[in-house]
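Here is the structure we will look at.
The numbers here are math on the coordinates, done by the rules we state, and not lab data. Please read all numbers here as calculations on a predicted model, not as lab measurements. Cβ sites come from the backbone with ideal geometry, for glycine too, and all protein chains shown count toward neighbours.
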Amino acid sequence: MDYQEIAPELQQAAEQGDADAQFSLAMIHASDEVTPRDYPQALAWYRKAAEQGHVRAQFNLGLMYSNGQGTPPDHEQALHWYRQAADQGHAGAQNNIGLIYVNGQGVSQDYRQAMAWFGKAAIQGDAAAQNNLGMIYGSGKGVPQNFLQALSWYRKSAEQNYVAAQFKLGWLYETGQGISRDMAQAVSWYRKAADLGHVKAQFALGQIHENAQGLPQDLPQAACWYRKAAEQGHSEAQFNLAVMCDEGRGVPQDGASALSWYHKAAEQWHVTAQFILGLRHDRGQDIALDCEKALAWYLKAAEQGHARAQFNLGLMYGYGHGGPIDLLKAYRWLTQAGANGIRKASTYQLQVEARMSPEQSEQAQLFLRDYLGNRKVQAQA
């Protein structure tokens with residue numbers, strides 16, 4: 001039936017105090033399927049139904065206060081309405097109260113309270129709550145760490161196709177945390193999660209197939225799973241797929257594809273990808289030689305502590321590749337590269353220092369003193 005046909009009747013019933021009609025009207029305003037979304041109207045009608053004890057309205061009202069829909073976020077109000085629904089046995093509300101106590105949203109963080117509420121929902125078969133119990137037992141927060149309990153609750157949740165629990169089961173079996181390591185079980189649960197689009201499970205399967213962890217090595221399968229994760233934006237998967245394309249491992253060798261995946265990973269601050277892009281632009285490998293771009297990518301990697309990027313950056317500043325000569329910057333980056341294990345950096349550092357004016361040399365020594373002092377403090381921390 002078309003909404004326009006029932007709208008007057010539904011509106012009239014809601015205004016006359018019919019809680020189900022109020023709830024239905026709120027649902028319509030909360031979505032944009034039949035009318036433009038109107039959160040304030042949805043909030044108002046949910047409240048009217050909730051005040052009459054409509055359990056789903058109470059839960060949805062709690063959600064709106066949690067998410068700041070039609071109102072500024074209000075964790076106190078969210079907890080109030082979740083409690084109203086939870087007291088009527090609403091498993092989703094019970095689980096959400098548990099999350100409020102885990103995250104300390106408007107209340108003091110309290111894992112025991114969280115456990116109690118997760119437990120109420122879990123025994124009703126709520127998959128999210130079962131997963132959350134597994135998480136708490138696995139982390140040992142608020143309770144003694146118990147991997148067998150974690151495994152039990154994750155399994156209950158995973159058997160309901162709750163994808164986060166499937167991934168955690170795979171991880172427990174892969175790592176042997178508190179249980180016997182079982183790669184066949186790990187792969188089975190990772191595969192279930194990966195088939196549902198879980199990006200970390202897809203990446204884990206790529207690693208397992210690439211590194212022959214409990215299975216014969218299968219590079220095409222590794223590349224397949226890395227690609228699935230990479231297409232969802234997983235930076236490590238993007239980098240690993242780039243390397244496979246670069247080397248022709250599991251996929252045809254393809255420098256252009258490798259470069260594309262290196263870029264995607266580097267834009268997410270994958271430090272090795274940033275360094276490799278610096279090298280590619282520096283050498284003109286699979287791309288036009290461009291010292292300015294090489295310097296820019298080396299700088300990004302160097303700022304994250306990549307020693308070879310720091311060394312190459314020091315050389316570029318020292319010899320004016322990609323920009324004007326800057327002896328102080330060259331000295332600073334060569335100092336850091338040397339401190340991070342690049343032995344030949346000290347030789348070039350001395351050469352740079354020999355070319356400095358007295359004023360630059362004084363500034364370099366001040367930098368060196370401060371830098372070494374900071375490293376000493378960090379080492380003692």
*Between Ala184 and Arg355, 0.36 nm times their residue separation minus their Cα-Cα distance comes to what?*
55.4 nm
*Counting Lys and Arg as +1 and Asp and Glu as -1, what is the net charge of the other residues whose Cβ lies under 12 Å from the Cβ of Ala339?*
+4
*Pairs Lys344/Lys376; Lys156/Lys264; Lys168/Lys228; Lys264/Lys376; Lys293/Lys344: which exceed 27 Å Cα-Cα?*
Lys156/Lys264; Lys264/Lys376
_Cα Rg over Rh - the chain, Kirkwood_ = 1.13
*Can you give the net charge of the other residues whose Cβ lies under 14 Å from the Cβ of Gln149, counting K and R as +1 and D and E as -1?*
+4
*What whole number of Å gives the distance from the Cα centroid of region 121-136 to the Cα centroid of region 19-50?*
29
*Spin-label point model (7 Å from Cα, Cβ direction): what's the Gln268 to Gln52 distance in nm?*
4.8
_Added length on full extension, which subtracts the Cα-Cα distance from 0.36 nm per residue, Asn146 to Gln177_ = 10.2 nm
*Could you give me the ³J(HN,Hα) list for region 180-193, computed from phi with Karplus coefficients 6.51, -1.76, 1.60 and θ = phi - 60°, whole Hz, x at Gly and Pro?*
5, 5, 8, 5, 4, 5, 4, 5, 4, 6, 4, 5, 4, 5
